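Undergrad: Dropping the structure in here first, questions after.
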Amino acid sequence: MAILICGGAGYIGSHINKQLHKEGYETVVLDNLIYGHKEAVKWGTFIKGDLANIDEIEAVFEKYPIEAVYHFAAFAYVGESVLEPEKYYYNNVVNTLNLLQVMRKHGCNKIIFSSTCATYGEPEKVPITEDMPQNPINPYGMTKLTVERIFKDYQKAYGLQFAVLRYFNAAGADPDGELGESHTPETHLIPLVLDAASGKRADIKVFGTDYDTPDGSCIRDYIHVTDLADAHVRALRYLEAGGEGDFFNLGNTIGTSVLEVVESVKRVTGRDFTVTLSDRRPGDPAKLVGSSEKARRVLDWEPQYGAIDTIVSHAWNWHEHAEY
Ligand code: UDP
């Protein structure tokens, strides 16, 4: 049997591919390479293809005995989703329906899906638990929530087994230095601060210093990508053991402010750089921290790389030796 990883050439999917390989699973990666990197597919079989094309999905299921599917193939730029919602609803929602259609035809009923804390919108309180209201404040978050709802209906009607994993801020890089984060354009905080540390950028802009937080900058829950990968393997085991369908937050339960991230980068790299205090970025909640108590309890998951300095040092190692 094989495991299909849609979007397995991307940042998170490539780390899951490595983890599955370590655990002895045979993997098939399907990726259109719009944002993914062929060089990031170091294990298993790579197939270039797009979930918009049902024939391409069919071809994979005809050729390989797919037991379960990981689905990372989505667009994830919040700002772009506001400007081009059609692009996001087609790629993130309609193309997921294509995938589910082919899975059903071939009797494959296990899916592990990358969702996001953006489905919660502005939380009433933190830490956020899975049962809190989900009111996304942008189309990106709404596409992910829509897919979550589709899974529930497919579970009832067709017996789909699903694990929805709602990530907080995925960060860091493979501790062995084989994989890392490489986005074009890059919008995420840690890679941008590392660019400032290495001199690729003139400065790092801190978006907002007047939030209701101890140092005035936004607080986020940074979770190491290898810890995410570990949770994904556990989610597969949960489905293999008969789990019917559930939703899990994946975070550290530790809040780190933007200014604390900047300090960590200075500590880890030993470099100084210009920090520009800027206006707020529209749509940023002050504080997003997740409770991952449920994932710990149900999946027996325990993050290994929680310290922000560890996350930053693995990201820095990749940043300085990036292969793609
Ligand atoms: N941020 C910042 N400067 C940047 C990029 C991001 O101050 O150049 C802040 C952003 O406002 C947010 C945090 O860093 O509070 C994390 O942003 P990121 O885009 O990495 O992830 P998000 O939380 O938006 O998913």
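Undergrad: Of the numbered conditions (1) more than 9 Å from the ligand (Cβ to nearest atom); (2) over 30 Å from L97 (Cβ atoms); (3) surrounded by fewer than 21 Cβ atoms within 10 Å (Cβ to Cβ), F207 fails exactly one; give the number of that condition.
TA: Going through (1) more than 9 Å from the ligand (Cβ to nearest atom); (2) over 30 Å from L97 (Cβ atoms); (3) surrounded by fewer than 21 Cβ atoms within 10 Å (Cβ to Cβ) one by one, F207 breaks only (1).
Undergrad: Being in contact with a strand residue (DSSP E or B) (Cβ under 6 Å, 6 or more places away or on another chain) and charged (D, E, K, R) narrows it down to one of D131, D203, so name that one. First the steps, then the outcome.
TA: On the way: D131 fails: in contact with a strand residue (DSSP E or B) (Cβ under 6 Å, 6 or more places away or on another chain).
Every option except D203 fails the conditions.
Undergrad: Name every residue in the range 280-296 that is part of a helix (DSSP H, G or I) and under 17 Å from M132 (Cβ atoms), in order of residue number.
TA: Passing the criteria: E293, K294, A295.
Undergrad: Taking the condition out of contact with any Asp or Glu (no Cβ under 6 Å at 6 or more places or on another chain) and modelled with pLDDT of 95 or more, does Y11 pass?
TA: no
Undergrad: Now a separate question. Would you mind stating whether K144 is without any contact (Cβ under 8 Å) to a residue 24 or more places away in the chain and among the basic types (K, R)?
TA: So K144 does not fit the description; no.
Undergrad: Next question. Do we have L4 as part of a helix (DSSP H, G or I), touching a residue at least 60 places away in the same chain (Cβ under 8 Å) and open to solvent by less than 10 Å² (accessible area, probe 1.4 Å) here?
TA: On the way: part of a helix (DSSP H, G or I): no; touching a residue at least 60 places away in the same chain (Cβ under 8 Å): yes; open to solvent by less than 10 Å² (accessible area, probe 1.4 Å): yes.
Against the criterion (part of a helix (DSSP H, G or I), touching a residue at least 60 places away in the same chain (Cβ under 8 Å) and open to solvent by less than 10 Å² (accessible area, probe 1.4 Å)), L4 does not qualify.
Undergrad: Still on this structure, please answer the following. Just one of V78, V29 is in contact with a Phe, Trp or Tyr (Cβ under 6 Å, 6 or more places away or on another chain), closer than 19 Å to I112 by Cβ and among the aliphatic types (A, V, I, L, M); which is it?
TA: That would be V29, the only listed residue that is in contact with a Phe, Trp or Tyr (Cβ under 6 Å, 6 or more places away or on another chain), closer than 19 Å to I112 by Cβ and among the aliphatic types (A, V, I, L, M).
Undergrad: Here is a list of conditions, (1) open to solvent by 50 Å² or more (accessible area, probe 1.4 Å); (2) in a helix (DSSP H, G or I); (3) charged (D, E, K, R), and E58 meets all of them except one; can you say which number that is?
TA: That leaves (1) as the condition not met.
Undergrad: Can I ask one more? Can you confirm whether the range 287-298 contains a residue that is more than 20 Å from G208 (Cβ to Cβ), away from the ligand (no atom under 14 Å from the Cβ) and touching a Phe, Trp or Tyr at 6+ places or on another chain (Cβ under 6 Å)?
TA: yes
Undergrad: Scan the range 143-191 for residues that are part of a loop (DSSP other than H, G, I, E, B), more than 16 Å from the ligand (Cβ to nearest atom) and in contact with a strand residue (DSSP E or B) (Cβ under 8 Å, 6 or more places away or on another chain) and jot them down.
TA: L160, the sole residue that qualifies.
One line per residue, one yes/no per condition, for (1) within 16 Å of the ligand (Cβ to nearest atom); (2) modelled with pLDDT of 95 or more; (3) in contact with a Lys or Arg (Cβ under 9 Å, 6 or more places away or on another chain):
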residue	(1), (2), (3)
A241	no, yes, no
F247	no, yes, yes
G251	yes, yes, yes
S257	yes, yes, yes
S278	yes, yes, yes
I308	yes, yes, no
N317	no, yes, no
H321	no, no, no
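Each row is one residue, and each column tells you yes or no for (1) over 22 Å from A295 (Cβ atoms); (2) in contact with a Leu (Cβ under 9 Å, 6 or more places away or on another chain); (3) open to solvent by less than 40 Å² (accessible area, probe 1.4 Å).
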{"site": "E124", "(1), (2), (3)": "no, no, no"}
{"site": "D131", "(1), (2), (3)": "no, no, no"}
{"site": "L145", "(1), (2), (3)": "no, no, yes"}
{"site": "E148", "(1), (2), (3)": "no, no, yes"}
{"site": "F151", "(1), (2), (3)": "no, yes, yes"}
{"site": "Q155", "(1), (2), (3)": "no, no, no"}
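Undergrad: Tell me whether the range 168-187 contains one or more residues that are open to solvent by 50 Å² or more (accessible area, probe 1.4 Å), under 28 Å from D131 (Cα atoms) and touching a residue at least 24 places away in the same chain (Cβ under 8 Å). Lay out the reasoning, then the answer.
TA: Of all residues in the range 168-187, those open to solvent by 50 Å² or more (accessible area, probe 1.4 Å) come to 176, 178, 183-185, 187.
Now narrow it down to the ones that are under 28 Å from D131 (Cα atoms): none.
There is no residue in the range 168-187 that is open to solvent by 50 Å² or more (accessible area, probe 1.4 Å), under 28 Å from D131 (Cα atoms) and touching a residue at least 24 places away in the same chain (Cβ under 8 Å).
Undergrad: Still on this structure, please answer the following. Which is within 19 Å of the chain's Cα centre (by Cα), open to solvent by less than 50 Å² (accessible area, probe 1.4 Å), of a type in the set (V, I, T) and at pLDDT 95 or above, of T226, T213?
TA: None of the other options fit; the residue is T226.
The values are calculated or read from the model by the stated rules, or taken from the named source; none is laboratory data. All figures in this text were calculated on a predicted structure; none of them were measured in a lab. Counting neighbours? That spans all protein chains shown, and the Cβs are built from the backbone with ideal geometry, glycine included. Just the protein is used for accessible areas: all its heavy atoms, side chains included, with ligands, DNA and RNA removed. Shrake-Rupley method; radii C 1.70, N 1.55, O 1.52, S 1.80 Å.
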